[in-house]
Amino acid sequence: MLAALLVAALLTALLACMPGQGARLRPVLAACWLAVSLLQGVAQAGFTLPGGMVAWPGVFVARPDLALLLPLGLVGAGARNLRDLAACIAAALAVAGAPVMACVGAGWALQAASHAPRHAAGRVALLLLAAGCVFPTQAGWLLPGLCAVGTGGLLGLSLSLRVAPRVLRPFHMADIAAMLAAMSLWARLPAGTAVADMRWGGVLIVAGCLFYMTASWRALRAPDARRVLTGLAGGTGAIIITLAGLRLLARADDLPGMASCAQRTYLLVAGLLLAGVLALRALDVMEREAGALVLARLGGLGVLMPRLSALFALALLAESGLPPLLGFSIIWMLLRLLASMPHAAGLAGEVPLLLALAVLGVGWAVRMLALVRIVAVMLCGRPRTPRGAGAADPPVRAQWAVLGAGLPILLVSVWPGWWLALMQGEARSGWSGLAAVTLTAPDGEAALHPARLCLLVALVGGMVAVARRLACRAPARQVAGWQQGAPAVPPWMVFGDPLTQVGPGNPARMLLDMVVAAPARQRFMRASVRSPVLLRRLVRAGAGRVAGAWRGRRVPEPVALVVACVLALMFIAWRGQG
């Protein structure tokens, strides 16, 4: 395992030194990452590898979350440029390294995934997190907050509603590797006090719900396909934060069933990241065939590129949360976890749970609207550029590569129980291992059978395909064509033609016009953009005034004593001691 990772790192460094040799080294790098994934899968299945997993005590350690190397190997095999490969190497260091090396690897992954040198607060938080993991007794109560700040850039978390190009970055393979590095950091948080875990659990659940809603809104308003995936990935990162909060609550209240269910859902989210790999591989080929992925210029790809569009729609369906694929299983498990949360009796105890469910429901509805928008415009619209009208399915070789990226997410969706057993090191060989396909709720009373749902959907889809084949004759040529001008809107375009509507086919604007007038909305957006700048200026001016007023003066001792007592009381109340 360590040898395969070192070979991949050396080849990546060689590729950086010799840019012209990238086409020759890329198959070798893909083979190295596939070997990493295969070796990790063999080790998780119960087989003993010669020499063990790692052989560098103090730098690399063997832990249960080493199973994340399995999906990371598939991500590295699908990487296509130097930045993605560097992010995969950094994520591997974060997964397999000791606490200090893991935080260093997460910082490198953050650097590789970012287009600009920002996220300074996240890097500082990762350094403090490394120190806190080495000495957990001194700063254990602060580690969840440090982990949340340090992994915010890795998971794509943001409370901003803006979708400008300099705010919302396009999604690439490096972002998936960064998310795996962040998941490894969340999986290794040491146990703190019961009161601290309970308080941090509630804070993380609320923050995750808010992040999920804003990420869904950004996916709805994104101007191109890659930024839509950025918003969807931000929602997945919000689910990771929510699951971390649920695990802290379960640990504080001594609920092993709830903690085990949260851990299993956590591993399902790791499998959901493979849907992002499939979507990115499909978008790479679409961009090469049809040009830029801006939604105002795309259309008709469902007719022009039917096979590739079907694979892309499969990835979107897995991300959406609709049955029968993996996203629905994760939503089902998450709702069961929230329903099994400990809460007080009466209305006051039910209100937080109802609010969390309401926010998640609104976020999921907006997420579904974003997916309907991208499918209606990109796949079911009409071509709006000559290059888009001339697009066609790529050669068979490229299609097999995309299909290979879609096979893992399809298998995980059909047999999530087998995936969980493999990731937990409890997989059984043979057909007996494939029989474990059910997902069980924390209370043990409800069970989900994804294989039956997949079989039902496959049968219904086959019947619809046969009926359509018998009723509709296939055209002799491609019927989607580019036309100069603006013809009538097709009936399957839910939100209308982007060229005949206000904005780039954005249903968010229609929803906002029903609630808030456009001038008031513009004033609010200008105020939200200017308020951080004005706040920084106000803080600097206030700090300058205070420094000038107290220059050369001594603070009275009674005032200093009162301030120290207040701070001590706040600290004791937070830690729950005394």
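The values are calculated or read from the model by the stated rules, or taken from the named source; none is laboratory data. Note that this is a predicted model, so its numbers are computed, not measured. Note that we place each Cβ from the backbone using ideal geometry, even for glycine, and neighbour counts take in every protein chain shown. To get the accessible areas, we keep the full protein, side chains included, count just its heavy atoms, and leave off ligands, DNA and RNA. Shrake-Rupley method; radii C 1.70, N 1.55, O 1.52, S 1.80 Å.
Against the condition part of a helix (DSSP H, G or I), touching a strand residue (DSSP E or B) at 6+ places or on another chain (Cβ under 8 Å), of a type in the set (A, V, I, L, M, F, W, C) and at pLDDT 85 or above, how does residue 364 come out, does it pass? Judged against the criteria, residue 364 is not a match.
Applying the condition of being within 20 Å of the chain's Cα centre (by Cα) and either open to solvent by 30 Å² or more (accessible area, probe 1.4 Å) or modelled with pLDDT under 90 (or both) to region 258-269 and asking which residue is farthest from residue 175 (Cα to Cα) yields 261. Note on region 169-200: residues that are among the polar types (S, T, N, Q), surrounded by fewer than 20 Cβ atoms within 10 Å (Cβ to Cβ) and either modelled with pLDDT of 90 or more or more than 12 Å from residue 141 (Cα to Cα) (or both) total 0.
Checked against the criterion of being within 19 Å of the chain's Cα centre (by Cα) and closer than 19 Å to residue 273 by Cα, region 138-147 contains not a single residue that satisfies it. Of all the residues in region 181-204, those that are assigned to a helix (DSSP H, G or I) and farther than 17 Å from residue 262 by Cα number 5. Among the residues of region 421-441, at least one is open to solvent by 40 Å² or more (accessible area, probe 1.4 Å), at pLDDT 80 or above and not aliphatic (A, V, I, L, M).
Taking the residues in region 123-137 that are free of Cβ contacts under 8 Å to residues at least 24 places away in the same chain and over 27 Å from the mean Cα position of the chain (by Cα) as candidates, determine which candidate is farthest from residue 200 (Cα to Cα). Among those that are free of Cβ contacts under 8 Å to residues at least 24 places away in the same chain and over 27 Å from the mean Cα position of the chain (by Cα), it is 135.
Quick grid of which residues meet (1) buried (at least 22 other Cβ atoms within 10 Å of the Cβ); (2) more than 22 Å from residue 570 (Cβ to Cβ):
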residue	(1), (2)
121	no, yes
132	yes, no
135	no, yes
167	no, yes
202	no, no
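All conditions but one from (1) touching a Cys at 6+ places or on another chain (Cβ under 9 Å); (2) modelled with pLDDT under 85; (3) open to solvent by less than 30 Å² (accessible area, probe 1.4 Å) apply to residue 99; the one that does not is (3).
Looking at (1) in a loop (DSSP other than H, G, I, E, B); (2) of a type in the set (D, E, K, R); (3) open to solvent by less than 40 Å² (accessible area, probe 1.4 Å), find the lone condition where residue 218 falls short. Going through the list (1) in a loop (DSSP other than H, G, I, E, B); (2) of a type in the set (D, E, K, R); (3) open to solvent by less than 40 Å² (accessible area, probe 1.4 Å), residue 218 breaks only (1).
Only residues that are under 18 Å from residue 178 (Cβ atoms) and out of contact with any Ser or Thr (no Cβ under 8 Å at 6 or more places or on another chain) were counted across region 238-253, and they come to 5.
Is it the case that some residue within region 241-257 is surrounded by fewer than 23 Cβ atoms within 10 Å (Cβ to Cβ), at pLDDT 90 or above and among the small types (Gly, Ala, Ser)? Within region 241-257 (the criterion being surrounded by fewer than 23 Cβ atoms within 10 Å (Cβ to Cβ), at pLDDT 90 or above and among the small types (Gly, Ala, Ser)), the answer is no, since none of the residues qualifies. Contact annotation: residue pairs with Cβ atoms under 6 Å, 6 or more positions apart or on different chains, pairing a residue in region 274-292 that is without any contact (Cβ under 8 Å) to a residue 40 or more places away in the chain with a partner that is surrounded by fewer than 24 Cβ atoms within 10 Å (Cβ to Cβ), are 287/293. Checked against the criterion of being out of contact with any Leu (no Cβ under 6 Å at 6 or more places or on another chain), within 26 Å of residue 78 (Cβ to Cβ) and of a type in the set (A, V, I, L, M), the candidates 207, 222, 178, 196 yield just one match: 222.
Can residue 355 be described as open to solvent by 10 Å² or more (accessible area, probe 1.4 Å) and modelled with pLDDT of 85 or more? No: the conditions fail for residue 355.
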